[in-house]
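The values are calculated or read from the model by the stated rules, or taken from the named source; none is laboratory data. Here the structure is a predicted model, which means the values were calculated and not measured. Note that each Cβ is placed from the backbone with ideal geometry, even for glycine, and that neighbours are counted across all protein chains shown. Heavy atoms of the whole protein, side chains included, go into the accessibility calculation; ligands, DNA and RNA do not. Shrake-Rupley method; radii C 1.70, N 1.55, O 1.52, S 1.80 Å.
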Amino acid sequence: MEHERYKEAAAVFRMALEQSPHDSDLLSALGHALKEMNDLNQAEIYFRRAAAVKPSDPSSHVNLGALLHLQGRFAEARESYSQALGINPNHSTAKINMERLERTMKRRR
C-alpha cells in the first residue's frame, strides 16, 4: 500500500518537474519518493540534480550523502556530508550523519 503512495507521489513530482525542471525541492522530493520505492539508482540521479541546481543548499548534499551512505559508498557519502557542512557547519542532520558514517567506517577497518 505504502509503495503505491510513493509511486503516485513520484508521478506527481515528475509532472510538476515538466513545468519546473530546475526546482530543487521537487527534485529532492522525487528523489525521496524513489528512495522509498527502493529505486536507488534513480533516486541518486534526482538527488544529484537537486544538489547541482542549488549547490548552496546543504540539505541537497545531505540527501545525496544519506543515499550513498545507505548504499555503502562511504567515501562519496563523506564528500556529500562535507559539502553540506562546508555550507553550514551547524547543519544538525549533516553533523549527525557524518558522525554515524565515521563510526561505521571505523568499525569496518
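Quick notes
Every residue, every condition in (1) at pLDDT 95 or above; (2) open to solvent by 40 Å² or more (accessible area, probe 1.4 Å), yes or no:
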| residue | (1), (2) |
| --- | --- |
| HIS3 | no, yes |
| ARG14 | yes, yes |
| HIS22 | yes, yes |
| LEU26 | yes, no |
| ALA33 | yes, no |
| ARG48 | yes, yes |
| VAL53 | yes, yes |
| VAL62 | yes, no |
| ALA66 | yes, no |
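- Scanning the stretch 68-109 for residues that are touching a Leu at 6+ places or on another chain (Cβ under 8 Å) and either open to solvent by 90 Å² or more (accessible area, probe 1.4 Å) or under 18 Å from LYS54 (Cβ atoms) (or both) yields LEU70, SER80, TYR81, HIS91, ALA94.
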